1. Could you check which residue among LYS91, LYS158, LYS57 shows the biggest mean-square fluctuation in a GNM of the chain with a 10 Å Cα cutoff?
2. Label the chain by shape, choosing from rounded, prolate and oblate, from the square roots a ≥ b ≥ c of the eigenvalues of the Cα gyration tensor; if a/c is under 1.5 it is rounded, and otherwise prolate applies when a/b is larger than b/c, oblate when it is not.
3. Give me the percent of DSSP beta bridges within the chain that run antiparallel, rounded to the nearest 5.
4. Run lengths n ≥ 4 of DSSP H only: what is the helix-derived mean residue ellipticity at 222 nm for the chain, with -39500 (n - 2.57) per run over all residues, to the nearest 500?
5. Heavy atoms only, probe 1.4 Å: what % of the accessible area of the chain goes to carbon and sulfur, would you let me know?
6. Contact order normalised by length for the chain, with contacts defined as Cα pairs under 8 Å and 6 or more residues apart; what percent is it?
Amino acid sequence: MTNDSEIRVRLVRNATVLATVDDTTFLVDPMFTPQGEMPTVTDNPAVPEFLTTANQKRNPLVPLPDVELDYDAVVVTHRHPDHWDEAAREKLDADVPLFCQPEDADAFSDEGFTDVRPVEDETSFDGVTIHRTPGQHGHGELAEGMGPVSGFVFEGEKSLYIAGDTIWYDPVAETLDRFEPEMVVLNGGEAQFDQGEPITMGVEDIAAVREATDATVAVVHMEAINHCLLSREELRAETENVLVPEDGEQVSL
C-alpha cells in the first residue's frame, strides 16, 4: 500500500465519515435520516430545555449523498441525534463492532447491539489502535448540560485524530502533542444557540488547531444541522491550508 492511501476520510454528511486507516474502515457517527425528517435541535430531548435558536428549519438541512457505506466497524463519539439517529440504529447490523465512550455503552446494548466495545483509554481492532480522547462540547455550564463527548485517535502506520464535538481547549492541544497525527478531522459549523457561546469549533478554534499541528486538517459538521451557523464558504475565506470537503467528498494524505 502506498503512503498516500494509508489514511482516507470520506465525508458522508454532517459528522458522518468513513475513515480508513491502512486497510480498515470505520463508520463514524452515523446519521442516516432523510432531509427534513428530524426536528430542530432544540426539540430534541438531548438538548437542555432552556436553549433556543432562531433558525427553526427541520433537520437534516441537506439530503444524504449517494455514498457506498462499506466499513468494518462503527465508532460513535456521543449519542446526540446528529451523530446517532434512529435511522442508523435500524440500518446497522446488530452484531457490528461498535466502539463508544463508556457512558454510552449500556444504551447501545439496550438497543440490541451485541458487540458494543466501550473504550476507556485505548483498544485495538484489525491492526489499528484506537485511543479515546477528551472533548468539551461548549463552554461552562452549557458544556456540562450537553453531556460527555469524546474524540478518537486511530493509530496505524500513520495516525488520524477525529476530534468530535469539541471546542479548542488545552486537552485538544495536548492530544495533538501526544499523538502527532498526520490527519486531523474537526467538527466545525460553529454550532450555537441563542444562549451562550458556540459548542463546536468556529474559525478561531480551527485556526488554533491549524497553528498547533503540521497535520492535514479537514473540517466537517457543516451546513447540515439548523444551529450550525458557519458556512463552508465563510470558513474557506477565513482560514488557510484547511480542507473543507463537500458531502460525499474524500480527502486523503
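The values are calculated or read from the model by the stated rules, or taken from the named source; none is laboratory data. Computed from a predicted model, the values in this text were never measured in an experiment. For accessibility, only protein heavy atoms count, side chains too; no ligands or nucleic acids. Shrake-Rupley method; radii C 1.70, N 1.55, O 1.52, S 1.80 Å.
1. So, out of LYS91, LYS158, LYS57, the one fluctuating most is LYS91.
2. On the way: a/c = 1.36, a/b = 1.11, b/c = 1.23.
Rounded is the answer for the chain, as its axis ratio a/c remains below 1.5.
3. On the way: 29 of 47 bridges.
The antiparallel fraction comes to roughly 60 percent.
4. Numbers: 6 runs with 46 residues, N = 253.
Roughly -5000 deg cm²/dmol at 222 nm, from the helical runs in the chain.
5. Numbers: 4370 of 10900 Å².
Solvent-exposed carbon and sulfur of the chain make up 40 percent of the total.
6. On the way: 608 pairs, mean separation 54.1, N = 253.
The normalised contact order for the chain reaches 21 percent.
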